[in-house]
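In what follows, a single structure is set out as structure tokens and then discussed.
The values are calculated or read from the model by the stated rules, or taken from the named source; none is laboratory data. Note that the coordinates shown come from a computational prediction; the quantities given were computed from them, not determined experimentally. Note that we place each Cβ from the backbone using ideal geometry, even for glycine, and neighbour counts take in every protein chain shown.
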Amino acid sequence: MNIGTYSYEEYLHLVKSFHGSQAPGLMIGGFMVDYAMNSLPEGEFFDAICETRVCLPDAVQILTPCTIGNGWLKVFDYGRYALALYEKYSGEGIRIYLDPAKLSQWSEVNGWFMKLIPKKDQDSEKLFHQIKEAGRAILSKHPIRVQPALLQKEKMGKVAVCPQCGEAYPVRDGAMCRPCAGDSPYVS
Ligand SMILES: [Zn+2]
């Protein structure tokens, strides 16, 4: 059983070093990315969409050239455990999601995914075993076409120096940069 060009064990190792722990979602995410890649024509350049911020973007970043930093991976915070890979010019591609309708035979996966079992009561050995056993059996796929507006590369536009902090920022944000206008992640 392979995940992308890696064995399951190699992928597990990459997950631990990239993500910090062996998260169940990332193991399933590996099967999802592998399934999507196998459903696309070989040698095609594709971009990716993740419909959750949790775990799944890391599976895409480990297994494909698509990252948040290079802009080929877009993350939508919908909380759906789904991803799509698509041809970057036509927007034609495939969407894979973790399908609740297919979880009935996989009690531990179902309990974890549907949050029926509190974390402290989870049998993680059983959970990971079921994830590995299930592979693609808990996934569904269908073709998609991405909104044309999303196929254009986002541009930063004009840049100016913020009168408040003296750093460069995109002019479209207004008279000063967003942190100086009050939208800062830091305590001032
Ligand atoms: Zn500023």
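Here are a few things to note about the model shown:
- The residue that is surrounded by the most Cβ atoms within 10 Å (Cβ to Cβ), counting only those in the range 97-127 that are within 14 Å of Tyr81 (Cβ to Cβ) and charged (D, E, K, R), is Lys102.
Quick grid of which residues meet (1) at pLDDT below 95; (2) in contact with a Cys (Cβ under 6 Å, 6 or more places away or on another chain):
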| site | (1), (2) |
| --- | --- |
| Gln152 | yes, no |
| Lys155 | yes, no |
| Val161 | no, no |
| Tyr169 | no, yes |
| Asp173 | no, no |
| Cys177 | no, yes |
| Val187 | yes, no |
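- Test result for Ile94, in contact with a helix residue (DSSP H, G or I) (Cβ under 9 Å, 6 or more places away or on another chain), assigned to a strand (DSSP E or B) and under 20 Å from Met27 (Cα atoms): yes
- Residue check, Leu151 touching a residue at least 40 places away in the same chain (Cβ under 8 Å) and out of contact with any Leu (no Cβ under 6 Å at 6 or more places or on another chain): yes
- Summed over the range 35-63, residues that are in a helix (DSSP H, G or I), of a type in the set (D, E, K, R) and surrounded by 23 or more Cβ atoms within 10 Å (Cβ to Cβ) total 0.
- For the range 166-188, the candidate set comprises residues that are under 29 Å from the mean Cα position of the chain (by Cα) and not in a loop (DSSP other than H, G, I, E, B); within that set, the residue that is nearest to Met156 (Cα to Cα) is Pro170.
- The sole residue among Gly91, Gly71 that is touching a residue at least 40 places away in the same chain (Cβ under 8 Å) and more than 16 Å from the chain's Cα centre (by Cα) is Gly91.
- Flag not set for Gln130, criterion: surrounded by 12 or more Cβ atoms within 10 Å (Cβ to Cβ), in the same structural domain as Ile49 (by TED's automatic domain parsing) and over 30 Å from Asn38 (Cα atoms).
- Odd one out for Ser17 among (1) part of a helix (DSSP H, G or I); (2) in contact with a Ser or Thr (Cβ under 7 Å, 6 or more places away or on another chain): (2)
- Looking across the range 138-184 at every residue that is among the β-branched types (Val, Ile, Thr) and over 20 Å from Phe46 (Cα atoms), the one that is nearest to the ligand (Cβ to nearest atom) is identified as Val161.
- The set of residues from the range 20-79 being in contact with an Asp or Glu (Cβ under 7 Å, 6 or more places away or on another chain) and among the charged types (D, E, K, R) comprises Glu44, Arg53.
- Number of the exception - Gln130 against (1) touching a helix residue (DSSP H, G or I) at 6+ places or on another chain (Cβ under 8 Å); (2) part of a loop (DSSP other than H, G, I, E, B); (3) not acidic (Asp, Glu): (2)
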